[in-house]
Structure formats: C-alpha cells, structure tokens
1. Under the rule a/c < 1.5 gives rounded, and otherwise a/b versus b/c splits prolate from oblate, where does the chain land using the Cα gyration tensor?
2. What does the extension gain come out to for THR203 and GLU188, with contour length at 0.36 nm per residue minus their alpha carbon separation?
3. Be a star and scan the stretch 189-206 for residues whose amide nitrogen sits under 19 Å from the point 7 Å along the Cα-to-Cβ vector of THR220.
4. How much of the accessible area of the chain, in percent, comes from carbon and sulfur atoms when a 1.4 Å probe is used?
5. Taking one equal scatterer on every alpha-carbon of the stretch 91-182, how large is log10 of I(q)/I(0) by Debye at q = 0.11, 0.12 1/Å?
6. Taking 20 °C and 1.002 mPa s as the conditions, I'd like the Stokes-Einstein D for the stretch 82-126 in µm²/s, using the Kirkwood hydrodynamic radius from alpha carbon pairs.
7. Go through the stretch 190-207 residue by residue and turn each phi into a ³J(HN,Hα) via Karplus (6.51, -1.76, 1.60, θ = phi - 60°); whole Hz please, and just put x for glycine and proline.
8. Around ILE173, which amide H atoms from residues at least 5 apart in sequence, or from another chain, sit under 5 Å from its own amide H, with H modelled in the peptide plane?
Amino acid sequence: MKPFESFLAEQLKDYLEYRINTGFAVKTTIFYLKNFDRYVKEKNATWQSFTPFFFIEYRATRNLEARSLNNMIPTIRVFFKFLIRKGKIDENPLQDIPALPNNAIVPFIFSPEEVDHLLCAAYRKLRKTERYFLRDYCAYISIVLMARCGLRISEPARILANHYRPDEKTIYIEKTKFKKDRLIPISESVASEINNLVNVKKTFHPEKNIPYLLTKDEYTKLTRDCVDRRFKKAVMDIKLDQPRRVIGTTNFLPPTPHSLRHSFAVNTLKRIKEKGKSPQNALPVLAVYMGHSEYKHTTKYLKVLDAVHRRQMLDFSIAKKYEAI
C-alpha cells in the first residue's frame, strides 16, 4: 500500500494498525482514508481546518454515490474519534454531519424466458478443451444454482462435495452471509445438472478426492472471476448487456450474477401470485430458502413485479429525464 502523504500520515497509519490489530477488515477503510488523505494534502489543511464545513465541502466534491458517501463520512468520523482518544483534538468535527438520502436501487431482473436463454448461452460457451472444460462446467453449474435456487454468488463455490445429497436432492449451504446454515431442496433438473458434473469430475480426476463440489482445477475451489467471465459472455451473447443508469435519485443496475438471485425471488413470487395465492404469505418460507436473517429483507422483492415492470420503470424514468432537459 502506498503511504499516506498529508500531515495526518502518521496518525492514519497508526489508526489502520489499530484496526488491523483489533480484527477489523480494512480494505474499504483504506480506500476512504486514502481519498481523504489526498484531499487534506490538496487543500494544505491543518488541524485548524477541520470544521464541519470542511467536511461538507469535501463530501460535495467527491464523485461518489450517496450510499458510498454515507459510508465514507462515518469511516472518517471513527478516525477522528481515535484522534480524540489520542489527545490530538478535543471535539469531533464530523459528529453532527447528517447522512445524505440514499438513492433507490432497482436491480436488473431476468424474465423466466431470459433465464432459460442465459443458461443455454452459458452452456454453449463451454470450452471443449481438456484444460478449460471442467472449470467452465463448474462455472456454468454455479450460474445454474444462482438462477434456479437463488444462491448468492459466493455460496456455490463454498459447497463441499459431500454437501450435495443426490438421494434427497438437497444441498447444504454452510457459512452464509448472516452465518445461518441452511439445507435447501433442489429440483430434478438441477439435480440432474449436478449429477452430470459429478460424473465429469470423476472422468477428469478418477483417483482424486476433491473436497469442493465446484472447482477451478483439481486443487482449488472455483473462483468468482471464473463465474463472472462466463456470466458476462452469456449476457452479451443474448444481447442483454447494458450499463448502470443513474436517473435522478434512482440507480438502475446492470445485469450481474447477483441479478439471478433477485430474479429467482421476483419470479417465484410472481408464480405464486399467478396461482391465486398470496406472495406476502410466502415471504417467510422464501426468506428461509434464500438464507435471509429476517423475512423483512425479502419484502424488497415485492417492489418490482417482474422483468417487464422493471423495464417500464426504467423507460418512464428516462422519458421524464429528457422532459426535464
């Protein structure tokens, strides 16, 4: 990591060491503090410069979204609490700076038909060489699990080989985002896909006892990069690739692997509604299946009815944007 360059360099270095020694992850903290350090240097700031207005002006000049800015200011605020404990300052100048209103987030939603086309495209893109076939096949299965079971992108790669139970047609998901393990049933078609993969692995490595279900090679588990590349190629192949759009206070996200999890939830609730049943009543069950800590987190999927509704929201926002110009 490049050293800090402002007059706060030594204090920033000490603070990061303190955070590391107390067990905190510091990757995001470093990003925000390096950004702040550059600004302090550009402004030739001193201790006397640190007034609330200094930080409000700093926030206003950052080319970041409201969500990132609302993470950045608290990060710097905690740093200044550290300076108070060290006796460098008496008061925290960021103490009363309010958060900005967060932009609304509208995820990309694949329709059921688009999910089918995406999976077909991902399968067609499998490279048929000995070096890449198993890796690509595992990445494809990861995409299948996100699309058909609503898994997070980090979850398929962590599934151990013995956590797939073919007789029961279940998968045990361990160490989830909210530290809640779960056992989920899978469909016949997903089980068939996984069984095919297991047979392919035995063909490639008949004498190897590979611990992970999805692997990059005979020694290491599948990486996120492998999945991302396969996903992006498939999205481009079916011509659904599009940029993120920020319109007013709304972020319309591009298609990402996590979009498959959103799509699974939205399309599941839509099918329930089409059967004449209550999507609201289904939320607790869906929350458990998807590994949410509380089913209130699953209610966000009721805000977007389906892929068509999402596109209508985007088209309407774009039209209003140009009307205002």
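1. Details: a/c = 2.16, a/b = 1.56, b/c = 1.38.
Note, shape of the chain comes out prolate.
2. Values: separation 15, 0.36 × 15 = 5.40 nm, distance 2.27 nm.
This chain segment gains 3.1 nm when fully extended.
3. 205
4. Details: 9660 of 18470 Å².
Using a 1.4 Å probe with all protein chains present, the chain comes out at 52 percent carbon and sulfur.
5. For the requested q values the scattering log ratios are -0.52, -0.58.
6. Details: Rh = 16.0 Å.
The estimated diffusion coefficient comes to 134 µm²/s.
7. Working through the residues one at a time gives 5, 4, 5, 4, 5, 4, 4, 4, 4, 5, 5, 4, 5, 5, 6, 9, x, 10 Hz.
8. Close amide H contacts, sequence-distant or interchain: ARG182, LEU183, ILE184.
The values are calculated or read from the model by the stated rules, or taken from the named source; none is laboratory data. Everything numeric here is computed off the predicted structure, so don't read it as measured data. Backbone-built Cβ (ideal geometry, glycine too); neighbour counts: all protein chains shown. Side chains included, ligands, DNA and RNA excluded: accessible areas come from the protein's heavy atoms. Shrake-Rupley method; radii C 1.70, N 1.55, O 1.52, S 1.80 Å.
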